[in-house]
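Here the structure is laid out as structure tokens; the discussion comes afterwards.
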Amino acid sequence: MVTGSKIPVCLGPIEVGGYNVSRSSIRWLREDGQLCSKGEIFAYFTIVISSKENKGPRIILFNEEQQDLKVAISAPIAGQVHQSRDDTLGGWSNIRQTLRWDETDVVGYIEPQGDLQPKPDKIQASLFMVAGRRVTPLAEDHSGLLTGWFDRTRAWSLEAEAPTGTLLSLGICNLRSVIRGESSGFSEILKDVAGQVVSVTDNLLVYNSRVLSELLSRQPDGYHAIARDFAINILKGNVLPSGADWTFAGEFLRCLQFCHLTENYKILTRKGIQSLATPEAVLLSLEAETSSTIKHRKLGYTFAYQGYRRPQFPPAFREWLQPNFELLKRNLNDIREDYVRLVRSIRARAPSTEILVVNMMSSSAEFALHRFADFEAPIGDTAPGVRAQDLNLMLYDLAREHDVTIVDADAIAAKLGGRFAMPDGVHTNGIMETELRNEILRILKAKNVPGFNATKAN
Amino acid sequence: MFFTLQLPKLGPYMDCGVFDKLYIPENEFVAANQKILDLRVDLSLTFAHDCPPVNYYRIVAGERAYLRKLVVTVGDTLWVGDTIALFSTETDEVPASAPKRQLIVSVIGIIPEEIW
């Protein structure tokens, strides 16, 4: 029931010719009466888009993301949100589809802050889609929005009208919350833009320039050789692989098989399905370019991982890794050459792709050494501050010569207080995250990347 | 004259560190700019992240002295302000009173050796 100044928030129309759109009831992320800013997600539901055709098997769109295809509802205006009891059925009805999409459905109410004149009878919800592709269908988790083990997560505005574009983030841990935000649902980065944002995380494989170059050039035969070699040799060890080993190994092989840079996308908007080509913009972390990694002795492929993962490797996997890989040292020139190879490979497929690289924090005023004589050259191999400066300079050269755009985290961190903004020199605090996100969006707008070059209508 | 070496606070979120490596034995002379020890600082308790926010530091002498007594052992967790070692200007000096001041040191972040 509508009382006082509460305005009903309606789903609004959606047109997907030849398909039914069904949905779950609403799962609330905010308490009844909680104040929300404009664009803040307050609830979400699951949707399934299935063919109306009776003949033959039913076609489900977004099939590989079907378990985690959600519509997030954000506040179209600032105000107190109130729950719609009629649309919260509870239990599995909040998780799996039980209702048909009806544009008149009231998904909640909003009590505007201040006086809204003229006061509308109803207001259309501001919607965006979030989707997760699970590493395996077994990694099922319905506890929240984009919770679980995903190989790729993405989000876009359902309100997009013109053909939109994609930002693909292959950044490591330092960019995860910048891209996915505090809610993990992309709401912060998509608050004002209608583009698609895709996030791939470094759960096992770190996507540095060498790994990505290899993935782009790897042919099916190359992958088969890796998989065959692995399957034969892991069984030759003294440790019998456990279930944990096979799970780990499965993710290892999946990462080496699949290149996110070559993916096309389908997105759903209120006007129907849009097909999107490969990403218009790719975001990388310079932090991923460690001075050493490992490479396979026989097949030569690179395996880059976060050092803290190593103690987590299961016993048989670890035993297989040690004799089959060797340390690969990468100096500045090696890293530069890897980047050049990567940039050329990306642009050979999609010449207009914008490549953004977040640089490293190189400055900290809290401590310093005034004499480097006791450090062996090159000092950047020992001192991380010097290494960050070296890599940042390398990136400047790369930007100038190969049209790569620097996201200057170093300057932003310095402005925000150095170690206060990046306490360990890598990970950001909330203020820094917001500034970094804004800088990425500013660059995408300046580069005129579709979907990021204008403020969205709703 | 006696000096102490205490665990310095290296950043706003640091509250402790692990004594990782010692470069000089007790009663040895330390020259200015000579490395004394390495520390491992894990900010997980104060600035947790899904991958551990760990930094490594090296403490380097800023003046000449003798390392007279090491108060802690490698692997110990130290809190900011904890005494790590005592130094003296002379090799056979006997401590008669409280240390005059802290040893002058420099601290630099380091990249740990690759374990493979």
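The values are calculated or read from the model by the stated rules, or taken from the named source; none is laboratory data. Just so it is clear, the model here is predicted, and its values are computed rather than measured. Because the Cβ atoms are built from the backbone with ideal geometry, glycine has one as well, and the counts that use them run over all protein chains shown.
In segment A:105-116, the qualifying residues are those that are in a strand (DSSP E or B) and aliphatic (A, V, I, L, M), and the one that is nearest to A:GLY79 (Cα to Cα) is A:ILE110.
Only one of the listed residues (B:GLY75, B:GLY81, B:GLY109) is crowded, with 16+ Cβ neighbours inside 10 Å and not β-branched (Val, Ile, Thr). That residue is B:GLY109. Summed over segment B:3-48, residues that are hydroxyl-bearing (Ser, Thr, Tyr), more than 13 Å from chain A (Cβ to nearest Cβ) and without any contact (Cβ under 8 Å) to a residue 60 or more places away in the chain total 0. Pairs are defined by a Cβ separation below 6 Å, a sequence spacing of at least 6 or placement on different chains, a first member in segment B:104-116 that is more than 10 Å from A:PRO384 (Cα to Cα), and a second member that is among the acidic types (Asp, Glu) and at pLDDT 85 or above; the pairs so defined are B:ILE104/B:GLU63. Any residue at all in segment A:84-104 that is over 30 Å from A:SER209 (Cα atoms) and part of a strand (DSSP E or B)? Yes, the conditions are met somewhere in segment A:84-104. Taking the listed residues A:ALA125, A:ALA139, the one that is more than 30 Å from A:ILE172 (Cβ to Cβ), of a type in the set (Gly, Ala, Ser) and surrounded by 14 or more Cβ atoms within 10 Å (Cβ to Cβ) is A:ALA125, with no other qualifying. Please determine whether any residue of segment A:242-256 is under 30 Å from A:LEU444 (Cβ atoms), surrounded by fewer than 18 Cβ atoms within 10 Å (Cβ to Cβ) and away from every other protein chain (no Cβ under 14 Å). The answer is yes, given that some residue of segment A:242-256 is under 30 Å from A:LEU444 (Cβ atoms), surrounded by fewer than 18 Cβ atoms within 10 Å (Cβ to Cβ) and away from every other protein chain (no Cβ under 14 Å). Return yes when A:ARG30 is crowded, with 20+ Cβ neighbours inside 10 Å and either of a type outside the set (S, T, N, Q) or under 25 Å from A:PRO137 (Cα atoms) (or both) and no when it is not. So A:ARG30 fails the test.
Residues A:GLU326, A:GLU376, A:GLU337: which one is of a type in the set (Asp, Glu), free of Cβ contacts under 8 Å to residues at least 12 places away in the same chain and within 13 Å of chain B (Cβ to nearest Cβ)?
Going through A:GLU326, A:GLU376, A:GLU337 in turn, the sole match is A:GLU376.
Would you call A:ALA454 farther than 22 Å from A:ILE267 by Cα, away from every other protein chain (no Cβ under 14 Å) and not β-branched (Val, Ile, Thr)?
Numbers: farther than 22 Å from A:ILE267 by Cα: no; away from every other protein chain (no Cβ under 14 Å): yes; not β-branched (Val, Ile, Thr): yes.
Spelling it out, it is not the case that A:ALA454 is farther than 22 Å from A:ILE267 by Cα, away from every other protein chain (no Cβ under 14 Å) and not β-branched (Val, Ile, Thr).
Only residues that are within 14 Å of chain B (Cβ to nearest Cβ), part of a loop (DSSP other than H, G, I, E, B) and among the charged types (D, E, K, R) were counted in segment A:156-185, giving 1.
Across segment A:422-435, the qualifying residues are those that are touching a residue at least 40 places away in the same chain (Cβ under 8 Å) and buried (at least 21 other Cβ atoms within 10 Å of the Cβ), and the one among them that is farthest from the other protein chains (Cβ to nearest Cβ) is A:GLU433.
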